[in-house]
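Could you have a look at this structure, given as structure tokens, before my questions?
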Amino acid sequence: ARVNKLVDSDGSQSVESFHKRLGKIMWEYCGMSRNAEGLKKGRQMIRELREEFYKDVFVPGKGDEFNPELEKAMRVADLMEHGELMMLDAFDREESCGGHCREEYATPEGEALRRDDEYTYVSAWEWDDNDPVLHKEELVFENVELKTRSYK
């Protein structure tokens, strides 16, 4: 159904134009430094972009033949879903950890503020257009001591 929707679209914008716009949203709102307000805004922007994509993307060729443009369109459609899930996951994880900083979760010195008591799990999101579902896989640390790193 998605293939037919894309090749039957009478749109005017290239797949690349949507890909670039998605990249800009991700960079601005879900980059190394992020905050709740920006993540909510970025997620909404991706949802709007995806809606526009299916209405106005131009995919030349047919769906039942070799079609590299259709392949790109399918990948960009997947990236939009993936980007939305990244926004959702970053919003859900209320801590700073590794190289990513949630601006609301930093020490007064600007260091990452980890919350290992609440976030020692791997997030696996099940896609749903309206309400993705979070599945958690708890992490067990046998040989590593959890501690906050300092970059001073």
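The values are calculated or read from the model by the stated rules, or taken from the named source; none is laboratory data. Since the structure is predicted, the reported quantities are computational estimates derived from the model, not experimental observations. As a convention, Cβ positions derive from the backbone with ideal geometry for all residues, glycine included, and neighbour counts pool all protein chains shown. These accessible areas exclude ligands, DNA and RNA; they are computed on the full protein's heavy atoms, side chains included. Shrake-Rupley method; radii C 1.70, N 1.55, O 1.52, S 1.80 Å.
Using only protein heavy atoms and a 1.4 Å probe, report how much of E71 is accessible, in Å² to the nearest 10.
Rounded to the nearest 10, that gives 90 Å².
Given a 1.4 Å probe, how much area per residue of the chain is accessible, in Å²? Please report the intermediate quantities before stating the final value.
Details: 9860 Å² over 152 residues.
Value returned for the chain: 65 Å² of accessible area per residue.
Let me check against my output: what whole-number percent is the relative contact order of the chain, with C-alpha pairs under 8 Å and at least 6 apart? Kindly include the intermediate steps, with their values, before the conclusion.
On the way: 190 pairs, mean separation 34.3, N = 152.
The value is 23 percent.
I want the antiparallel fraction of DSSP beta bridges within the chain, as a percent rounded to 5. Intermediate results must be reported in sequence, preceding the final value.
On the way: 8 of 11 bridges.
About 75 percent, rounded to the nearest 5.
Return one number: the angle in degrees, 0 to 90 and rounded to the nearest 10, between the long axis of the Cα atoms of helix 15-29 and the longest principal axis of the Cα atoms of the chain.
Approximately 20 degrees, to the nearest ten.
Moving on. What 222 nm value per residue comes from the helices of the chain, counting each DSSP H run with n ≥ 4 as -39,500 (n - 2.57) and dividing by all residues, nearest 500 deg cm²/dmol?
Working: 4 runs with 67 residues, N = 152.
Per the formula, -14500 deg cm²/dmol.
Once Lys and Arg get +1 and Asp and Glu get -1 on their Cβ, which of I25, Y54, L139 lies farthest toward the positive end of the dipole of segment 21-152?
I25
In nm, what is the difference between 0.36 nm times the number of residues separating D8 and K136 and their Cα-Cα distance? Intermediate values should be presented prior to the final figure.
Details: separation 128, 0.36 × 128 = 46.08 nm, distance 3.87 nm.
Result for the pair: 42.2 nm of gain on full extension.
Go through segment 136-145 residue by residue and turn each phi into a ³J(HN,Hα) via Karplus (6.51, -1.76, 1.60, θ = phi - 60°); whole Hz please, and just put x for glycine and proline.
10, 10, 4, 9, 10, 10, 9, 10, 10, 8
Stretched out fully, how many nm does the piece from D117 to K40 gain, at 0.36 nm a residue minus the Cα gap? Let's see the in-between values first.
Details: separation 77, 0.36 × 77 = 27.72 nm, distance 2.46 nm.
The D117-K40 span can extend by a further 25.3 nm.
Next question. Leaving out ligands, DNA and RNA, and with a 1.4 Å probe, what % of the accessible surface on the chain is carbon or sulfur?
Numbers: 5000 of 9860 Å².
Summing carbon and sulfur atoms, their accessible area is 51 percent of the total for the chain.
Also, I was wondering about something else. Starting from the Cα gyration tensor of the chain, multiply each eigenvalue by 5, take the square root, and state the resulting semi-axes largest first in whole Å. Each step should come with its number before you reach the end.
On the way: eigenvalues 270, 57, 31 Å².
So the three semi-axes of the chain are 37, 17, 13 Å.
Counting only residues 5 or more places away or on other chains, whose amide H sits under 5 Å from the amide H of S33 once H atoms are built in the peptide plane?
Those lying under 5 Å, H to H, from S33 are C101.
How much of T148 can a 1.4 Å solvent probe reach, expressed as accessible area in Å² and rounded to 10?
80 Å²
Spelling out what I want: for every residue of segment 31-38, take phi, set θ = phi - 60°, compute 6.51 cos²θ - 1.76 cosθ + 1.60 (Karplus), and round to whole Hz; glycine and proline get x.
Per residue, the Karplus-derived 3J(HN,Hα) values read x, 5, 10, 8, 9, 4, 4, x Hz.
Mind ranking W27, W127 by accessible surface for me, highest first, 1.4 Å probe? Write out the running numbers ahead of the final one.
Working: W27 205, W127 75 Å².
From most accessible down to least: W27, W127.
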